[in-house]
Amino acid sequence: MPTVKTTQGVPEKAAKTRERFNRDDNVIAAAISVMSDKGYASTSIQEVAERVGVLKGSLYHYFSSKEELLYRILEESHEQSREIHREVIELDLPPLETLLLYVRRLSVWYLANVERANIFFTEMKHLTGDRQVAAAGWGRAFERDISDQVVAGQADRSIRNDIDQRLLTRFILGAVNNVRFWPSRRSSRQFDHDAIVDALVALVGDSIRAS
């Protein structure tokens, strides 16, 4: 039986799959925008639908509930950070270099995705059941990624060992997670993202590097 084609010559099933992915992306982008403005609790599926330009009922073909939509946003954010980690680890650099490159690339991602990052840190509390359990595991994995490099750096003496690795890890986590607040519209001087990332990496490096 011949494959059914669309008018563009793309197999019908493939075209529908691509349309589904595109609509998912549009819905997620709209949800991020609305949740960033109003917060998860005050966001309605109706508002997301209006932002996408579809009927409310249409969204339930893609997401079964508002919580599932939130979960997808958070899951995507986690997967993107994991991909950054995989790319850095594959370079097989020494521990301190690996850690600082990871900090740099994460910071670039945070500053390019401030709304998404804000939702990740402020709205995860609304997840329930298995979704909540999964999200808690993401946080532990993120901390472990940094902790592993700190421990390795202390072992090869490139990272200071006069401070417990757990405290160094939390310092680095705090610095990276809060870089999204560094751009300030109130300041008389504006810094571009490159300047902010360079400053953060320099400060973290100076703070943890062995003397």
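Key figures
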{"quantity": "Option label - volume of the Cα convex hull per residue in Å³ computed here, alternatives [x] 132; [y] 192; [z] 119", "calculated": "[y]"}
{"quantity": "Relative packing of peptides 156-167, 196-207 - highest average C-beta neighbours within 10 Å first", "calculated": "196-207, 156-167"}
{"quantity": "Accessible-area composition of the chain, carbon plus sulfur, in percent [1.4 Å probe]", "calculated": "50 percent"}
{"quantity": "Non-local Lys pairs in the chain, i.e. 8 or more apart or on different chains, that have alpha carbons under 26 Å apart", "calculated": "11"}
{"quantity": "Where the range 78-177 is the region considered: accessible area per residue in Å², 1.4 Å probe", "calculated": "53 Å²"}
{"quantity": "Net lengthening on full extension, residue 24/residue 193 (0.36 nm per residue, minus Cα-Cα)", "calculated": "58.0 nm"}
{"quantity": "Label-point separation in nm, residue 122 to residue 68, each point 7 Å along Cα→Cβ", "calculated": "2.6 nm"}
{"quantity": "Highest-first arrangement of 106-117, 52-63, where packing means the average Cβ count within 10 Å", "calculated": "106-117, 52-63"}
{"quantity": "Relative contact order for the chain, counting Cα pairs under 8 Å that sit 6 or more residues apart, in percent", "calculated": "20 percent"}
{"quantity": "Computed label-point distance, nm, for sites residue 202 and residue 134 using a 7 Å Cα→Cβ extension", "calculated": "4.2 nm"}
{"quantity": "Peptide ranges 118-130, 67-79 listed from the most packed, as the mean C-beta count within 10 angstrom indicates", "calculated": "67-79, 118-130"}
{"quantity": "Set of the range 106-147 residues, backbone N closer than 20 Å to the point 7 Å along the Cα-Cβ line of residue 91", "calculated": "106-113, 142-147"}
{"quantity": "Helix-derived mean residue ellipticity, 222 nm - over the chain, DSSP H n ≥ 4, -39500 (n - 2.57), to 500", "calculated": "-23000 deg cm²/dmol"}
{"quantity": "Listed residues 163, 64, 193: farthest to the positive end of the dipole of the chain (Cβ charges)", "calculated": "64"}
{"quantity": "Nonlocal amide H pairs with residue 209, under 5 Å, H built at 1.01 Å", "calculated": "160"}
{"quantity": "Relative contact order computed over the range 87-210 (Cα-Cα under 8 Å; 6+ residues apart), in percent", "calculated": "37 percent"}
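The values are calculated or read from the model by the stated rules, or taken from the named source; none is laboratory data. All values reported here derive from a predicted model rather than from experimental measurement. All Cβ positions, even for glycine, are placed from backbone atoms using ideal geometry, and neighbour counts span all protein chains on display. The protein model used for the area step is the full one, side chains on, heavy atoms only, and it has no ligands, DNA or RNA in it. Shrake-Rupley method; radii C 1.70, N 1.55, O 1.52, S 1.80 Å.
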